[in-house]
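Some notes on the structure that comes next.
The values are calculated or read from the model by the stated rules, or taken from the named source; none is laboratory data. Fair warning: this is a prediction, and the values are worked out from it, not measured in the lab. Here Cβ is always computed from backbone atoms with ideal geometry, including for glycine, and neighbour counts include all displayed protein chains.
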Amino acid sequence: MYHPDKYQPHNEALDRFCTLFNQAAARLGALISMQPSAIENFREDGKIVYTLTGASILYDFEMRDRHYNTCGFPFKDFGQFERKILKPEIALSIQCSKDETCFCLAWHEDFKQVPVKYMGSVTAPGDKEYTGKRFTTAFKELNYSQMDDFYLMLLKAFSDDAFNATCFRI
């Protein structure tokens, strides 16, 4: 992680997110569960399981500390580091707002449809890391109160075996 001081707040935010999601899932039939990774593996942040078949996908979760303070994602496109997109086991990126009221979703399949851009990103010591990123307009912002919709989107993705923005149309 390029900002080690953010581990604890990140993990706490992820636990709260999964708890809210799993509460919604329980109300809607519990066909999907969301689990955070038990230990830091520097690969993904957790797994989403479709209990009907046992199929699962892995996701990357980030609690934004800048530029996305509350609902109303401030950019026209959603960015992700190429190093995360290149991990074949990760299918979904989730970024929550700093105040944990909204979150954005983007599928790695959709990121792979756009070219890589190289730009500087600030690391914990204040240096700039020049690495590839991709930016997609095929993303969805939801309020934390819309976990039911997120559940239904994931149900559509697993049912259709299509892990891309088509699941946003529920």
### Query
Does any residue of region 13-32 turn out to be assigned to a loop (DSSP other than H, G, I, E, B) and touching a strand residue (DSSP E or B) at 6+ places or on another chain (Cβ under 9 Å)?
yes
#### Entry: Candidate set from region 89-116 (those that are out of contact with any helix residue (DSSP H, G or I) (no Cβ under 9 Å at 6 or more places or on another chain) and surrounded by fewer than 19 Cβ atoms within 10 Å (Cβ to Cβ)); member that is nearest to Y144 (Cα to Cα)
D99
### Residue selected from region 33-57 under the condition out of contact with any Ser or Thr (no Cβ under 7 Å at 6 or more places or on another chain) and crowded, with 19+ Cβ neighbours inside 10 Å, by the criterion farthest from S97 (Cα to Cα)
I57
### Test: L28 is touching a helix residue (DSSP H, G or I) at 6+ places or on another chain (Cβ under 6 Å), modelled with pLDDT of 90 or more and surrounded by fewer than 17 Cβ atoms within 10 Å (Cβ to Cβ)
yes
#### Entry: Residue identified as among the hydrophobic types (A, V, I, L, M, F, W, C), without any contact (Cβ under 8 Å) to a residue 12 or more places away in the chain and closer than 22 Å to N41 by Cβ among L86, L105, L92, L58
L86
### Task
Could you give me the residue pairs with C-beta distances under 7 Å whose first residue belongs to region 65-78 and is closer than 21 Å to V116 by Cβ, whose second residue is assigned to a loop (DSSP other than H, G, I, E, B) wherever it lies, and which are 6+ apart or on separate chains?
H67/P74; K76/T137; D77/T137
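Looking at region 117-169, which of its residues are modelled with pLDDT of 90 or more, assigned to a loop (DSSP other than H, G, I, E, B) and either hydrophobic (A, V, I, L, M, F, W, C) or surrounded by fewer than 12 Cβ atoms within 10 Å (Cβ to Cβ) (or both)? I'd like the intermediate steps shown before the answer.
So in region 117-169, the residues modelled with pLDDT of 90 or more come out as 117-118, 132-169.
Those left that are additionally assigned to a loop (DSSP other than H, G, I, E, B): 137-138, 161-164, 169.
Scanning region 117-169 gives A138, D161, A162, F163, R169.
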### Query
Is it true that P88 is modelled with pLDDT under 95, more than 30 Å from R27 (Cβ to Cβ) and within 16 Å of the chain's Cα centre (by Cα)?
yes
### Query
Does F73 satisfy the criteria of being assigned to a loop (DSSP other than H, G, I, E, B) and buried (at least 17 other Cβ atoms within 10 Å of the Cβ)?
yes
### Query
Within region 129-161, how many residues are closer than 18 Å to M34 by Cα and not charged (D, E, K, R)?
15
